[in-house]
Amino acid sequence: FMTLKKPLNAAFLPYGASNKGQMDRLRESGFEIMLHVPMMPHIPADLAPVTLSPEMDKAEVQNDLNGMFERFAGADIAGVNNHMGSLFTERTKGMGYFMEVLQQKKMFFLDSKTTSHSVGKEVAEKYGVPYITRDVFIDNQNDYDYILAQLKQVEKAAMRNGYAVAIGHPKAQTFKALAFWLKDVENQGFQLVHVSDLIKRINEKE
């Protein structure tokens, strides 16, 4: 992915010994870095050593979240998005504890929108946290032709709304399709920007 040399974002789960080095190398390649925070889904799952749960109180949520950031001290993390989280992102109280930390750190929240009932937008607005939501998941199927078709959906969403946010994963077919698509997408009149820049532009227009 470092070879793509485009203004893309890379979101890292908060564990793994090599993550800090990968973050640094991707940033040097033009990526904006995000933290991919594990949050509890409706179906119980062993997501990570630490997962934010609606059963946690304020201290637990904020201590665990700050602990995730501390693992990557100095990594210049611009924002956060959720890993899973269909349950947690529906709960106003827990999301409030979460947003309070982002407010303090002056970071944005990209809602992966793993549930249509996410309260991310209203809670982010309450805490003054810059917010944006995902438009298209590009690789729910690990298939080259499927991913290219999803990237066409990204184009359609951008033409319809003025912008679009796509989320994918570091899979071989995703890389192959993305590399092919990126060769020509800017020639079609689209501009690639980091998530933080997109949020700023949207806010300026509003």
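The values are calculated or read from the model by the stated rules, or taken from the named source; none is laboratory data. Please read all numbers here as calculations on a predicted model, not as lab measurements. So basically every Cβ, Gly included, is an ideal-geometry build from the backbone, and we count neighbours across all protein chains shown. Calculation scope for accessible area: heavy atoms of the full protein, side chains included, ligands and nucleic acids excluded. Shrake-Rupley method; radii C 1.70, N 1.55, O 1.52, S 1.80 Å.
Which of the residues spanning the stretch 81-97 are touching a residue at least 60 places away in the same chain (Cβ under 8 Å) and surrounded by 22 or more Cβ atoms within 10 Å (Cβ to Cβ)?
ASN81
What number of residues within the stretch 5-20 satisfy the criterion of being touching a Phe, Trp or Tyr at 6+ places or on another chain (Cβ under 9 Å) and closer than 17 Å to VAL165 by Cβ?
5
Go through ASP135, ASP145 for me and flag whichever is out of contact with any His (no Cβ under 9 Å at 6 or more places or on another chain) and open to solvent by less than 60 Å² (accessible area, probe 1.4 Å).
Only one candidate qualifies: ASP135.
Name, by its number, the condition in (1) in a loop (DSSP other than H, G, I, E, B); (2) open to solvent by less than 50 Å² (accessible area, probe 1.4 Å) that does not hold for PRO44.
Evaluating PRO44 over (1) in a loop (DSSP other than H, G, I, E, B); (2) open to solvent by less than 50 Å² (accessible area, probe 1.4 Å) leaves (2) as the failure.
Taking the stretch 1-20 on its own, how many of its residues are more than 21 Å from ALA48 (Cα to Cα) and either over 16 Å from the mean Cα position of the chain (by Cα) or assigned to a loop (DSSP other than H, G, I, E, B) (or both)?
Residues in the stretch 1-20 being more than 21 Å from ALA48 (Cα to Cα) and either over 16 Å from the mean Cα position of the chain (by Cα) or assigned to a loop (DSSP other than H, G, I, E, B) (or both): 8 in total.
Return the only residue of ALA164, ALA124, ALA157, ALA179 being open to solvent by less than 50 Å² (accessible area, probe 1.4 Å), in contact with a Leu (Cβ under 7 Å, 6 or more places away or on another chain) and small (Gly, Ala, Ser).
ALA179 is the lone residue from the list that is open to solvent by less than 50 Å² (accessible area, probe 1.4 Å), in contact with a Leu (Cβ under 7 Å, 6 or more places away or on another chain) and small (Gly, Ala, Ser).
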